[in-house]
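The values are calculated or read from the model by the stated rules, or taken from the named source; none is laboratory data. Note that the structure is a prediction, hence the values are computed from the model and not measured. As a convention, Cβ positions derive from the backbone with ideal geometry for all residues, glycine included, and neighbour counts pool all protein chains shown.
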Amino acid sequence: MNLKGRNFLKLLDYTPEEINYLIDLSAELKAKKKNGILMTKELEGKNIALIFEKTSTRTRCSFEVAAHDLGMQVTYLDPSASQIGRKESIADTARVLGRMFDGIEYRGYGQEIVEELAKHAGVPVWNGLTNEFHPTQMIADMLTIREHKGDLEGKKLVYFGDARYNMGNSLMVTCAKLGMNYTACTNRAYFPDKELVKTCKTIAEETGSVIELTEDVKTAAADADVLYTDVWVSMGEPESVWKERIDAFLPYQVNKEVLDQASKDCVFMHCLPAFHDLKTAIGRDVYEKFGLKELEVTDEVFEGPRSIVFDEAENRMHSIKAIMYATLK
Ligand code: CP
Ligand code: NVA
């Protein structure tokens, strides 16, 4: 498998074999790190740029730690620290950064921006999250599911909440590619884009995956292997949408009742950050306005024995390391 020089923009661009290769490589690099095997000579002397037009804890730290583990230097551009888009076009920025760096991570708004960046950069571009997709999260998630459930093929993943945004879209694509069954369980106003569903169903025909959309929690949760949710309001969306999201998604909160309807050894996943208590400023603000102490997931489920969210978060680093290694080495 040779992925050198490739961009990593969305999993629609990758074959099932390539995706599985990246999951395998993540596991291998994770084992190396756990065994104290240093890899700092591997990409020594290379430089990468991290562009974040939205905030981040996991993705930024994963890129930085992974880069350092591989011997690379990192330049971080925060949402206010560059000229991108405001004073300088994406194409010009790409051509400048492509002359200085060996790879570029981009987190921002529309998918077309990261695609444009990749078109002009001349070095690998990695999508660190757009409104439409979050592909680095997918390699981590699949590694985590594999660690807990063995094989991926034939497993049923149910996604609750905003199924038309980056996490829902990415999970649907990934499940289709890897022969997993994907159910989006949510208010129909938040079903994924019809064209993307069509594309995924076509892929699913080849891989044996089943893609379903439903408003019914009971049928969705029945024999689910993975229950997955994400925040109800994503980065960059206005505060004013909280009320309509709470109205739409409260019936799709992942709580004990939902967990009890799933298969006995099902796991709970969340890309994080999550609103499961009142220990965040936004969580408290929503509580004051709407009286809800927990949002997309209850504290009981989040902190409970089925929750694998911190394994999942750790795997962000190992999988981002694998993605950079595969595309740069
Ligand atoms: N899951 C995830 O992408 O987290 P950050 O927003 O903290 O990077
Ligand atoms: N849907 C979330 C994912 C965060 C990792 C967001 O875009 O804010």
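For the reader, a short list of remarks on this structure follows.
- So Asn131, is it surrounded by fewer than 24 Cβ atoms within 10 Å (Cβ to Cβ), farther than 30 Å from Gln261 by Cα, in contact (Cβ under 8 Å) with a residue 12 or more places away in the chain and within 14 Å of the chain's Cα centre (by Cα): yes
- Residue match in segment 234-252 (condition: farther than 30 Å from Lys321 by Cα, touching a helix residue (DSSP H, G or I) at 6+ places or on another chain (Cβ under 7 Å), free of Cβ contacts under 8 Å to residues at least 40 places away in the same chain and in a loop (DSSP other than H, G, I, E, B)): no
- Filtered residues of segment 117-151 (kept if assigned to a loop (DSSP other than H, G, I, E, B), of a type outside the set (Ser, Thr, Tyr) and under 24 Å from Thr327 (Cα atoms)): Gly122, Val123, Pro124, Gly128, Leu129, Asn131, Glu132, Phe133, His134
- Residue within segment 115-126 that is within 16 Å of ligand 2 (Cβ to nearest atom), buried (at least 24 other Cβ atoms within 10 Å of the Cβ) and more than 14 Å from the chain's Cα centre (by Cα) present: no
- Search result, residues across segment 67-87 that are out of contact with any helix residue (DSSP H, G or I) (no Cβ under 8 Å at 6 or more places or on another chain), of a type outside the set (A, V, I, L, M, F, W, C) and at pLDDT below 95: Asp78, Pro79, Ser80, Arg86, Lys87
- Any hit, segment 23-35, residues being surrounded by 15 or more Cβ atoms within 10 Å (Cβ to Cβ), under 14 Å from Arg107 (Cα atoms) and among the small types (Gly, Ala, Ser): no
- Here Asp311 meets each of (1) more than 16 Å from ligand 2 (Cβ to nearest atom); (2) in contact with a Gly (Cβ under 8 Å, 6 or more places away or on another chain); (3) within 18 Å of Asp230 (Cα to Cα) with one exception, condition (2).
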